[in-house]
Amino acid sequence: MASRRRFLTDSGLLVAAGLVACRAPAGPAIITISQRSVRQLLPGIPTSDGAGVKLTRVIGQPALRNLDPFLLLDRFHSDDPGAYIQGFPDHPHRGFETVTVMLAGKMRHRDSRGNQGIITGGGAQWMTAGRGIVHSEMPEQERGLMSGFQLWVNLPAKEKMCPQFYQDLPPEQLAEERLTPAGSLIRVIAGDANGLAGPVRERATAPILLTALLADERPFELDTPEGHTAFVFVGSGEVEVGPEHAATAVGSGTIALLGPGNRLRVRAKKPGCQLLLAAARPLGEPIVQRGPFVMNTDAEIQRAFADYRAGVLDKA
Ligand code: FE
């Protein structure tokens, strides 16, 4: 991966960039690398949702109501069917996108417009709820490990009432790259990760979303646009995040919120770490959230409840 540590200037010239700002008096602009540091660590908190699914709430907990443009991050991970079997029966969404990342297990989704599918281990689903959807997300298994994430990504005001849109992403549609001989790998769901193109493109918040498995202690670095909100969530193991000489240890079940910069560095402290890495452009708009509806004003929330009660949440 060391060969990917580079930036192209606008003239096409390759520049090996260091930590020093460079300004050429004339000629191509040079992009400066600045490593993001950890600005806050926060453990997820155990809770349950749906019909009693046990999960860890990371974004959306009292200490982190949201992380613009991210509205919620839940992690589910259990081999006890009692912790997941009840699933998430019919419930609505309006005004944002839900991303389900399955690491292990199977989940069936079915919606009020007749769409359905199964999200399998290693796959994902990017659902733009837009103006509204009523759907269920139920385990398609009676035993075994179910593990993954659900991330909610906000939509800008002008897209909150857009038509519903699904991207069902079986494992083979994710962009996968093996990083090291020991088996470290990344699987890219959205955006560009060091030149590896994820299948989800052209969303309003320009998200980059990937999972990583670090099988050895070699550092992994990810280019993240300046101005994007960025975080690393550690599913298992312990990593260090941040510049080599000022890195912060991040343990399992903890989110690291990152400060400004354009590159993210992470390294396993011991082999065998599972991570979720995300970056996206903040919207900077008012967020009014009531349960599964996330709009910009109270009036829009009232309208969402009224539409839901009238059975027209998902109607154009
Ligand atoms: Fe849902």
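Going by the conditions given, is Glu285 touching a helix residue (DSSP H, G or I) at 6+ places or on another chain (Cβ under 6 Å), more than 16 Å from the ligand (Cβ to nearest atom), part of a loop (DSSP other than H, G, I, E, B) and open to solvent by 40 Å² or more (accessible area, probe 1.4 Å)?
Working: touching a helix residue (DSSP H, G or I) at 6+ places or on another chain (Cβ under 6 Å): yes; more than 16 Å from the ligand (Cβ to nearest atom): yes; part of a loop (DSSP other than H, G, I, E, B): yes; open to solvent by 40 Å² or more (accessible area, probe 1.4 Å): yes.
When the stated conditions are applied, Glu285 passes them.
Checking the conditions here, which among Gly235, Gly311, Gly261 is buried (at least 18 other Cβ atoms within 10 Å of the Cβ) and farther than 18 Å from Leu185 by Cα?
Unique residue meeting the criteria: Gly261.
Of the residues that make up the stretch 62-79, is at least one within 16 Å of the ligand (Cβ to nearest atom) and acidic (Asp, Glu)?
For the stretch 62-79, residues within 16 Å of the ligand (Cβ to nearest atom) and acidic (Asp, Glu): present.
Could you check Arg39 against (1) more than 14 Å from the ligand (Cβ to nearest atom); (2) outside any strand (DSSP E or B); (3) surrounded by fewer than 16 Cβ atoms within 10 Å (Cβ to Cβ) and say which number it fails?
For Arg39, the failing item is (2).
I need the full set of residues from the stretch 150-171 which are within 16 Å of the ligand (Cβ to nearest atom) and of a type outside the set (Val, Ile, Thr), in order please.
Hits for the stretch 150-171 are Gln150, Leu151, Trp152, Asn154, Leu155, Gln164, Phe165, Tyr166, Gln167, Asp168.
Pick from the stretch 110-149 the residues that are within 12 Å of the ligand (Cβ to nearest atom) and in a loop (DSSP other than H, G, I, E, B): which of them is surrounded by the most Cβ atoms within 10 Å (Cβ to Cβ)?
Ala129
Could we say that Leu73 is in contact with a Gly (Cβ under 8 Å, 6 or more places away or on another chain), hydrophobic (A, V, I, L, M, F, W, C), open to solvent by 50 Å² or more (accessible area, probe 1.4 Å) and in a strand (DSSP E or B) here?
No; evaluated as a whole, the condition is false for this residue.
Under 7 Å between Cβ atoms, at least 6 apart or on separate chains: pull out the pairs that start in the stretch 99-111 with a residue that is more than 11 Å from Ser147 (Cβ to Cβ) and end on any residue that is among the basic types (Lys, Arg).
none
If you scan the stretch 129-176, which residues turn out to be among the small types (Gly, Ala, Ser), under 20 Å from Leu277 (Cα atoms) and out of contact with any His (no Cβ under 6 Å at 6 or more places or on another chain)?
Selection gives Gly148, Ala175.
The values are calculated or read from the model by the stated rules, or taken from the named source; none is laboratory data. The structure presented is a predicted model; accordingly, all values stated were derived computationally and were not measured. Cβ: placed from backbone, ideal geometry, glycine included. Neighbour counts: every protein chain shown. In case anyone asks, the SASA skips ligands and DNA or RNA and just uses the protein heavy atoms, side chains included. Shrake-Rupley method; radii C 1.70, N 1.55, O 1.52, S 1.80 Å.
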